[in-house]
1. In degrees between 0 and 90, to the nearest 10, how far off the longest principal axis of the chain does helix 135-144 point, with axes built from Cα atoms?
2. If you build the Cα gyration tensor of the chain and take the root of 5 times each eigenvalue, what three semi-axes come out, in whole angstrom, biggest first?
3. Could you tell me what percent of the DSSP beta bridges with both partners in region 235-358 are antiparallel, to the nearest 5?
4. Please give, to one decimal in nm, the separation of the simple spin-label points placed at Lys93 and Lys305, each 7 Å out from Cα toward the Cβ.
5. Relative contact order, percent, of the chain when contacts are C-alpha pairs under 8 Å separated by at least 6 residues?
6. Over region 230-299, calculate the relative contact order: mean separation of alpha carbon pairs under 8 Å at least 6 apart, over the residue count, as a percent.
7. In region 233-268, whose amide N lies under 14 Å from the spot 7 Å out along Cα-to-Cβ of Leu298? List them in ranges.
8. Can you work out the accessible area per residue across the chain, with the rest of the protein chains kept in place, probe 1.4 Å, in square angstrom?
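The values are calculated or read from the model by the stated rules, or taken from the named source; none is laboratory data. Because the structure is predicted, anything quoted here is derived from the model rather than measured. Positions of Cβ are backbone-derived with ideal geometry, glycine not excepted, and every protein chain shown enters the neighbour counts. What goes into the accessible areas is simple: the full protein's heavy atoms, side chains included, and nothing from ligands, DNA or RNA. Shrake-Rupley method; radii C 1.70, N 1.55, O 1.52, S 1.80 Å.
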Amino acid sequence: LITVDPDDNKFVDCAISEKIFGEVKMKKKVIGVYAPANPAHIWFEEKYLFAKKQLEDMDFEIVEGNLVKNRVYQGYRTASAKERAEEMMELIKNKDIDIMMPVIGGYNSGSLLPYLDFDEIEKSQKKFFGYSDITAIQLAILKKTNLKPIYGGSLIPTFGEYEGISPFLKNTLDNLFFKENYTLEEPEFYSNKLLNAFTDEWKTKKREYIKNEGWKILNEGETEAEVIIANIDTLVSLLATEYIPNFKGKILILEEMNATIDSEERNLNTLKMSGVFEGIKGLIFGKPEVYDDRNSNLEYIDIIKEVLGKRDYPIIYNFDCGHTIPSLIISQDSLLSLKANHKTGIKVEILKNSYINS
């Protein structure tokens, strides 16, 4: 259990704090940083160092994996799948580390799965953050262990914003770390405008924000179930493998970075034919960061409607969990309540936060 010092907003660990003569002696939370996919810490070195410093200023201690620390680099990745898995497992076996956090996502985190020791991962009881391509690691952990990964919170994209830690992100972290139950709120504004981190644009140009249209209803209803969050593209890449958890009886949140409509039709249809949409209790679609209609004049929701057809569970979309900024961070398998009604609106609540309860 983590708590917050209201004077300086630094995160500290209550479970290992002890009062001595009226003062609190506190141990810093330690984050193990690894690169399971893209080597963004090399591509965007200055932004990586900035994000790392922001976490250190929040009183976290950072321990880099050997590939990150030694700047091992093979273009689109740091090293082979086996070597990347070894970097991850070395951090997992480090008993001083509390949290595992990737530098970023990418395209090949799933390559690590055959080389991971899930018994050792479960024994570690660490908290695994990340999103997007890190879906592969999170779903495998959900399937193979009793741990509950956290969807959101990759080092560079989440903590590398030059404007600093936003009030929305602070509130999201406060809820995740400290509250057993809470309501998920929509941000008033959001951004899907990428700032180039290969140049100085990420720190010299202000991010453009858009007035949030709010979460929208595709299918009315009320439901309550444990939630699983996944990136659509990465989820499809894992189908028919041993690393897919059971979605039946769950509320499923799906998000995408590059939602090109022809690819989305294919991915959603693959999920449909694989039975992913059967037996779930609710469905939520996040905002895509980039949408391309391929001259079809179709909206993102149009292809969702076409593929899904009629369903008997609540479905909402335009949700703020995924690649747009700011984004909600949610612990997998948390008990979630979804209420969607055209007259009374949408209410999404965490009834039992698995970050605290696992």
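1. Once rounded, the angle reads 80 degrees.
2. Working: eigenvalues 186, 111, 95 Å².
Listed largest to smallest, the semi-axes of the chain are 30, 24, 22 Å.
3. Working: 7 of 17 bridges.
Roughly 40 percent of the beta bridges in region 235-358 run antiparallel, per DSSP.
4. Result: 5.5 nm between the two label points.
5. Relative contact order here is 17 percent.
6. Relative contact order here is 42 percent.
7. Counting backbone N atoms under 14 Å from the label point, the list is 259-268.
8. Roughly 45 Å² per residue, with all protein chains present.
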